[in-house]
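To start, the structure under review is shown below, and the notes come after it.
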């Protein structure tokens, strides 16, 4: 992957920073460890050049940042480090957790998507339990995320305002189309997901969008290529509902670009009830826990999207470049 394509869904942050008078510095986590370390070392020179501005650092790797942070310490109040993968890494790896905690104690300040109220990363992933509301499952409340948060900035995940293919209004007639998107690999569980949809929702159409369609040809559903951005947005626009079935060990503490992309196309989303994604889906879709609960969530989402009960316009406006810029300006003046 080319560095400029890394987390392309976050690209509106650069324009928002420009409107707010901030600098936005990307630090893509592509390439080998030495390349990533070099990018973090180069941050020293980039930040010294623009040290009079507020800075949003778009990505960072925790341990390389910890190595260079002593040289950035004089500018710690001007920089917000955008947390993305880092919480997930910290949950899995004690060394990553130590690095993130030490950075906070040294004065690092964070920008976070959707929320900064997380289960305590000193524990493993929470056990789900029934609360007696018809058998639905919810996370145990393990308290606040255990890193200082009083000077952090919480941002909504951006929405691309002009996707390559315009979203089409979802009508109330015809066969509902459920979409599944992502790179096909057998270990990602896409076969199981498609099999469940075919069994439990036989009257629904299934559209599978993958960059490698030849690998998924055996699934006996309509498979289209999403190798280009235009193909990707065309695929999403054809769907009433997009199913995002992110793995818990990869997305429990992360926002999702495809959710925002679907909203930009007027397509509802059904996604796991994880701490960040659960907030990101509010207003444009439904959440579920466990594949056995997925078909009901899809049926609810189809009914709502066809009845016009999701306010995609307001959702996208609140995540636009202008809305993000206003939040950055408010933080600057606060």
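Residues checked against (1) more than 16 Å from residue 107 (Cα to Cα); (2) surrounded by 19 or more Cβ atoms within 10 Å (Cβ to Cβ):
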position: 27; (1), (2): yes, yes
position: 32; (1), (2): yes, no
position: 42; (1), (2): yes, no
position: 51; (1), (2): yes, no
position: 57; (1), (2): no, yes
position: 78; (1), (2): no, no
position: 90; (1), (2): yes, yes
position: 94; (1), (2): yes, no
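Kindly establish whether residue 21 is at pLDDT below 90 and either more than 19 Å from the chain's Cα centre (by Cα) or not assigned by TED's automatic domain parsing to the domain that holds residue 81 (or both).
The answer is no for residue 21.
Taking the stretch 233-245 as the search range and keeping residues that are in contact with a strand residue (DSSP E or B) (Cβ under 9 Å, 6 or more places away or on another chain) and outside any loop (DSSP other than H, G, I, E, B), which one is farthest from residue 176 (Cα to Cα)?
Restricting to residues being in contact with a strand residue (DSSP E or B) (Cβ under 9 Å, 6 or more places away or on another chain) and outside any loop (DSSP other than H, G, I, E, B), the top hit is 234.
Which of the following residues is surrounded by fewer than 21 Cβ atoms within 10 Å (Cβ to Cβ), in contact with a helix residue (DSSP H, G or I) (Cβ under 8 Å, 6 or more places away or on another chain) and closer than 19 Å to residue 115 by Cβ: 323, 255, 263, 317?
It is 323.
Among the residues of the stretch 216-232, is there at least one that is in contact with a strand residue (DSSP E or B) (Cβ under 8 Å, 6 or more places away or on another chain), outside the structural domain of residue 8 (by TED's automatic domain parsing) and closer than 19 Å to residue 305 by Cβ?
no
Does the stretch 295-314 hold any residues that are surrounded by 21 or more Cβ atoms within 10 Å (Cβ to Cβ) and either touching a helix residue (DSSP H, G or I) at 6+ places or on another chain (Cβ under 7 Å) or without any contact (Cβ under 8 Å) to a residue 12 or more places away in the chain (or both), and which are they?
310, 312
Within the stretch 202-227, which residues are in a loop (DSSP other than H, G, I, E, B) and without any contact (Cβ under 8 Å) to a residue 24 or more places away in the chain?
Answer for the stretch 202-227, where residues must be in a loop (DSSP other than H, G, I, E, B) and without any contact (Cβ under 8 Å) to a residue 24 or more places away in the chain: 202, 220, 227.
Which condition breaks for residue 199 when tested against (1) assigned to a strand (DSSP E or B); (2) modelled with pLDDT of 90 or more?
Condition (1) is where residue 199 drops out.
Can residue 170 be described as at pLDDT 90 or above and either within 20 Å of residue 315 (Cβ to Cβ) or surrounded by 15 or more Cβ atoms within 10 Å (Cβ to Cβ) (or both)?
no
Just to be sure, is residue 95 closer than 30 Å to residue 233 by Cβ, out of contact with any helix residue (DSSP H, G or I) (no Cβ under 6 Å at 6 or more places or on another chain) and at pLDDT 90 or above?
no
Can you find even one residue in the stretch 308-328 that is part of a loop (DSSP other than H, G, I, E, B) and under 19 Å from residue 190 (Cα atoms)?
no
Any chance you could count how many residues in the stretch 209-227 are under 26 Å from residue 159 (Cα atoms) and touching a helix residue (DSSP H, G or I) at 6+ places or on another chain (Cβ under 9 Å)?
So the answer is 8.
Criterion first (outside the structural domain of residue 248 (by TED's automatic domain parsing) and closer than 21 Å to residue 260 by Cα) does residue 83 satisfy it?
Working: outside the structural domain of residue 248 (by TED's automatic domain parsing): yes; closer than 21 Å to residue 260 by Cα: yes.
The answer is yes for residue 83.
Can you name the residue in the stretch 203-221 that is exposed (fewer than 14 other Cβ atoms within 10 Å of the Cβ) and within 16 Å of residue 178 (Cα to Cα) and, of all such residues, is modelled with the lowest pLDDT?
220
Do we find that residue 264 is out of contact with any strand residue (DSSP E or B) (no Cβ under 9 Å at 6 or more places or on another chain) and under 17 Å from residue 156 (Cβ atoms) in this structure?
So residue 264 passes the test.
Give me the pairs, please: first residue somewhere in the stretch 147-168 and in a loop (DSSP other than H, G, I, E, B), second residue anywhere and buried (at least 18 other Cβ atoms within 10 Å of the Cβ) and at pLDDT below 65, beta-carbon distance under 9 Å, and either six or more positions apart or on two chains.
The qualifying pairs are 147/121.
I'd like to check which strands (runs of 3 or more DSSP E) are fully inside the stretch 1-102 and have at least 1 residues that are within 22 Å of residue 276 (Cα to Cα).
Here the list reads 55-57, 79-82.
Is one or more of the residues making up the stretch 267-282 without any contact (Cβ under 8 Å) to a residue 12 or more places away in the chain and part of a helix (DSSP H, G or I)?
Among the residues of the stretch 267-282, at least one is without any contact (Cβ under 8 Å) to a residue 12 or more places away in the chain and part of a helix (DSSP H, G or I), which makes the answer yes.
The values are calculated or read from the model by the stated rules, or taken from the named source; none is laboratory data. Quick caveat, the model's predicted, so the values are computed rather than measured. Counting neighbours? That spans all protein chains shown, and the Cβs are built from the backbone with ideal geometry, glycine included.
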